[in-house]
1. Filter the stretch 76-118 for residues that are within 16 Å of the chain's Cα centre (by Cα) and on the phi > 0 side of the Ramachandran plot and give the result.
2. Which residue pairs have Cβ atoms under 6 Å apart, sit 6 or more places apart or on different chains, and have a first residue in the stretch 48-72 that is within 13 Å of Phe133 (Cα to Cα) and touching a residue at least 12 places away in the same chain (Cβ under 8 Å) and a second that is small (Gly, Ala, Ser) and part of a loop (DSSP other than H, G, I, E, B)?
3. Determine whether Asn94 is within 14 Å of Phe62 (Cβ to Cβ) and free of Cβ contacts under 8 Å to residues at least 40 places away in the same chain.
4. I need a count of the residues in the stretch 113-123 that are touching a residue at least 40 places away in the same chain (Cβ under 8 Å) and either under 14 Å from Phe40 (Cα atoms) or assigned to a loop (DSSP other than H, G, I, E, B) (or both).
5. If you take the residues of the stretch 21-62 that are modelled with pLDDT under 95 and of a type outside the set (A, V, I, L, M), which of them is farthest from the chain's Cα centre (by Cα)?
Amino acid sequence: MRRRINVMLGAIALGIAGVAVPGSAAIAQTSAESAVVERFWVFENDNFGGGRKSYTGTDRNFENDEWDGTSRSVSDGTSSVDNNTSRFVVLYANRAEPGETNCTGGQYTSQPWTADSDLSNNNFDNRADCAVFR
């Protein structure tokens, strides 16, 4: 009787393990697929050239940011943008002051899933110092 119970418990354990393994793989695969991150890209030059920097959320002070792989500040250096997000992103000419949360000055709004290869046609070339995701 004891042996029969042990055999049954072993069979149940194997059955559960067999179910858990495929489920775990499916969960891992789903997590990997959902890891795609929407990004708002700013570029130093027209036509998406020069330095680049991406944002996944609001950043109220570009002065602390550097173009990828450099030590050059992003502040007042953006000439083109690529909005690969489902959100509107508003660029402001003036960063938020320390202790403040509002950016001020001129604005440029980037609509979701759009790109602008030359911000000078919007009178916003080399003016961005803050990005607010809406």
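1. Hit for the stretch 76-118 is Trp113, nothing else.
2. Arg60/Ala96
3. For Asn94, the condition - within 14 Å of Phe62 (Cβ to Cβ) and free of Cβ contacts under 8 Å to residues at least 40 places away in the same chain - is met.
4. 3
5. Only one residue tops the list, namely Pro22.
The values are calculated or read from the model by the stated rules, or taken from the named source; none is laboratory data. Quick caveat: nothing in here was measured; it's all calculated off a predicted structure. Every residue, glycine as well, gets a Cβ built from its backbone with ideal geometry; the counts of neighbours run over all protein chains shown.
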